[in-house]
Structure formats: C-alpha cells, structure tokens
C-alpha cells in the first residue's frame, strides 16, 4: 500500500564485524529505511544484502545517498557509467583484484568512506570476500601498545600497487591490462594517524594496511615493516573477521575507516563480475 513502511531487519553475522540486512528493496528505499541501514553500517562496519535487482542508474542513485561518488583512477569503468568501476575476472585470467588485505583509497589525502559493491556474475563456488574489524582489533591491544600507537603517523602510497603496473612482466601485465590502467597517475602519498577516531562512531580504529601503508614516521625501515606486519596479523585473526559468500544480486557496503577486506582467488576458469561504487569520506583525525 502507498505510504506503508516496513522496518528493516538487521542480523549480526559475527561478534565483531558485519550484519545482514533484509526486508528492503534498495531500488525503492525510504528515507527512514536508509537511516536504519546507515546506523547498522556505523554499528557493524559492513552490511550485506541479498536478492537485490538494480540497474546501473539505481546503483548510482543508492550510492549517492551515502555521499559524493569517488571515481577510481585505476579501474576500468562500466561502459557509459564512469561512476561504476568494474571488478572483473574472466575465465582465462589468473590474477584477481584485491587479493591482499587492504582498505581502499587509504593513499588519498581524504580517504574514501567506503564502497557499495554489487554482484552481477559470480562463480558457482568460491570468490568470497573476507572482512575484518579494525575497531575491535584495536580494542584488544594492550595498553602499552595503544599508548605507543597513539602518537604515530603512517605513510600510505598508491605507487607500489598501481604505479608498478607498467613494470610487470608481459604475462602478468597482459592478464591485468584490460582491468587496471593509468599507472602514470599513481603519484600520491598521504600521511594519516595510525589510530584514528572513527568520524561516525567515535570508536578508535587502526588505520593502516599492509597493501598501501609503507612506513611509520620516526622508525627505521625494518622497525616500520615489523610493526605494520604485527598490526596486520593482529587485525586478521579469526575473531575479528567474517567471510561473505556472494550470490547474484548480493551487495556489500563497507567502511574503509573501520574494516579491512580481501577477495579470495579460488575460482580458476570461472567468471566473476562485480560493480563497485566508492563514496568520498572526510578528513581523519587521531584518536
């Protein structure tokens, strides 16, 4: 009936990260439903949906509810929709995109809030994404380490992951070449607190990742690499993670300031096609 409102259902999927949301059609969402989804996103770091049927225009319109769209410079866009990045792997391709733990756009001066990832085509088995809570992981650190980290700043860069595309061997470059490009645009470095105060929840969160964080100020290269590895390993312990299995029409919306994620590359010979829209964030402050 016109004007009828049905509240969404939020079911946490693990103790520390993620919630499944049902009872909503994202192509036709009310302001009240969106407010509830946003609060679940703040509470759980990443929210999941099943059985959504969205056109590209509806995907964009829904993403714009979260904020201004951040167009990725290194992913090929969907034809006719520059706001949507293709995260694609064809049956003959070996490498997937995002196979290492990371958080998107941490190399930007103002990192992205998060992404709205929609599954178009998924393999019959495999291709899951694992998420980890950087807030819960921080809370379990000992007080001495928390005190040390509270004054630290880390350097993030896109030069290593995206800037070296032109230097790859011919086979690897050919494998990735129709999916990633613009290596010449990978010139950015940014410095962020290692522990941030999350801009929405206020919770302290570890803002570093082994993919894009290259050093910690005031440390030698060896000391810096060791601490980054230590924190990365801590964040990715099972108690802080959740593994999401995709189906056609599934959607995940994750918060880059509260989570890490990685895509599992275990579906050789199968096609996987995801449409990703990234949303701009706000400047980060230390906790």
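Taken together, the values in this text are just the output of simple stated rules run on the coordinates, not laboratory data. All figures in this text were calculated on a predicted structure; none of them were measured in a lab. Glycine gets a Cβ as well: all are built from the backbone with ideal geometry, and neighbour counts include every protein chain shown.
Find, to one decimal place in angstroms, the Kirkwood hydrodynamic radius of the chain, where the mean of 1/r is taken over every pair of different Cα atoms and then inverted. Kirkwood radius, the chain: 19.5 Å.
Its relative contact order, with pairs defined as Cα atoms under 8 Å and 6+ residues apart, puts the stretch 150-266 at 29 percent. With contacts taken as Cα pairs under 8 Å at a separation of at least 6 residues, the stretch 1-130 carries a relative contact order of 14 percent. Coordinate range of the alpha-carbon atoms in the stretch 108-156 per principal axis, descending: 47, 27, 15 Å. Residue ranges 42-54, 230-242 sort as 42-54, 230-242 when ordered by packing (mean number of other C-beta atoms within 10 Å per residue, highest first).
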